[in-house]
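To keep things clear, I will list the structure first and then write my remarks on it.
The values are calculated or read from the model by the stated rules, or taken from the named source; none is laboratory data. Only a predicted model underlies this, so the values are computations on that prediction, with no experimental measurement involved. As a convention, Cβ positions derive from the backbone with ideal geometry for all residues, glycine included, and neighbour counts pool all protein chains shown. Ligands, DNA and RNA are excluded from the accessible area calculation, which covers all protein heavy atoms including side chains. Shrake-Rupley method; radii C 1.70, N 1.55, O 1.52, S 1.80 Å.
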Amino acid sequence: NHRNVISEIYDLFVFLLQGPEQTHSETLMCRISKLNSPSTELKRYFGARAVLGDQRPRQRNRQFHRSTWMTSPKDSWPRFSRPGISMTLLQSKDGIHYFTFEHSRDYQQIQFKFLDAVESMDPNNIVALLQLNPYHIDSLLQFSDVCRMQEDQEMARDFIGRALYSFECAVHPLFSLTSGTSRLDYLRPENRAFYLALYKHMMFLEKRGCPRTALEYCKLILSLDPDSDPLCMLLIIDFLMLRSREYESLLQLYQDWEEHRNLFQLPNFAFSTALCYFHLSQQEDMDPEESHKQRCKADQMLQNALIMFPGVLMPLLDLCSVQPDATVTSHAFFGPKSQIMQPPALTELTALYVGRTYNLWREAPVMLWLEESVKEVLRRVDAKDPIVDDCQDKRQQRYRSAPRNIHRHVLLSEIKEATSSLPLEVTTQPMMSFDPLAPISISTLALFFRSLMPNFNLQGGLRQEDDGEVARAGQELNQEVNRLLVAMRDMLANIRFQEPPREDHPYRDEEEWD
């Protein structure tokens, strides 16, 4: 595709012109190398004939869709008409472009009908809304979940594809999917559905056996807001890199981001980087001296990870169907106490990591290496290694509570071992799959003020109106009053008299987690 090649060359040229002075969020690790169709990766593994079979392109009644990068439109989709979503460039600063999606008045009306349909708890109401508005984003996201729960995976993927297609048809000409220089603020409600559609698409790709393509989408989501990371993609990017055998890339990411993000405080990076070094040491074409060096590094990092996060071992062995040695089960360091005494936030993180990655540890060489490391850790514990007590103090100090974006990631992961460890203040809140664990600070107030004044802008107050909008203001007063009543009902339903969790900055200084 000449268009894709030219665009990638242009993005690379712009990236190189930025020079060496760039922040961590613009490093090559955040760039998306290619947003392939999943069929491209499947063809690479199994061949075109196995993937396509005897399919023939159908010419009759064929619709012509706009060419897009993220998803391939299907002839079976409804005829596309712009649903009322647009993208605006807010500002450009230091080579970074800040965008936001915006909803038209008509789309806002559809949005309130959708909220009523969700409140009714009847999926048929969402179906009826989709029949009239086949590219309404939140309806597509919600009904995709309904199809997935009914084990209709193909239909669930199809709805997510339609949502991404609708978004991509609305993006600003300067919005780039591959340069890593485009930003979207998750605090704006209109932007969240784009994050969620990308995340759900990424998970479908991973489950279909396309980890490399899923990794590119993971990088894309992270690049939209690498500092706040509202969906906490740092909790899954290591898994996708391991599945894609991108060992050097993962170690480079860890090296570049560890200093300012304290990645070793996350169990997934502590264990995954050790696993990277182990796999590198096993490569047949590696020099024996270099292989030994990589293996020593792997041993050191795995032992440090086990000492810092002892609660990972027993659940990991259990999911791998491995019976540990009696000396391990009887030792207090890895026994039940190691899990019971964990702070709640750490329990959540370890359960997430184990539930997601246990299959990566099932290989016989990996399990043998883990066994050797566990024995060495127990020897160090019995020898009163001072690192053991130091790590225990850090566990109790750093993981008192998890930031809201980690809770949001756990909810989206749907890993039962992790979701069961969520705190009550999260599980007792009303959960909407089209906007899971919305940021408390503005989610309801934004809806409230925008229903009062559709031209209200959280970043810049009121936007200027043209003369035509002013002239129509009186005619639309009755509609605005109805919107206000619906928004007030939603606001009152979500009020909780409790201290709001701190929003989306999980990575503090070296000395504390919360």
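Below are the figures for this structure:
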| quantity | calculated |
| --- | --- |
| Cross-link reach list, lysines versus Lys293, counting only Cα pairs under 19 Å and skipping chain neighbours closer than eight places | none |
| Highest to lowest packing among 239-245, 157-163, 414-420, scored as the average C-beta count within 10 Å | 157-163, 239-245, 414-420 |
| Cβ charges +1 (Lys, Arg) and -1 (Asp, Glu), total dipole of the range 115-166, debye | 200 debye |
| Sequence-distant lysines (8 or more away, or on other chains) whose Cα lies within less than 22 Å of Lys219 | Lys34, Lys93, Lys200, Lys207 |
| List Arg380, Arg400, ordered by accessible area with a 1.4 Å probe, largest first | Arg400, Arg380 |
| Heavy-atom accessible area ranking, 1.4 Å probe, most first, across His409, His172 | His172, His409 |
| Residues of type lysines that Lys384 reaches as a straight line, Cα spacing below 23 Å, ignoring anything fewer than 8 places off in the same chain | Lys297, Lys337, Lys375, Lys394 |
| Test item: Cα-centred dipole of the range 200-288, Lys/Arg +1 and Asp/Glu -1 on Cβ, debye | 560 debye |
| Highest to lowest packing among 281-291, 314-324, scored as the average C-beta count within 10 Å | 314-324, 281-291 |
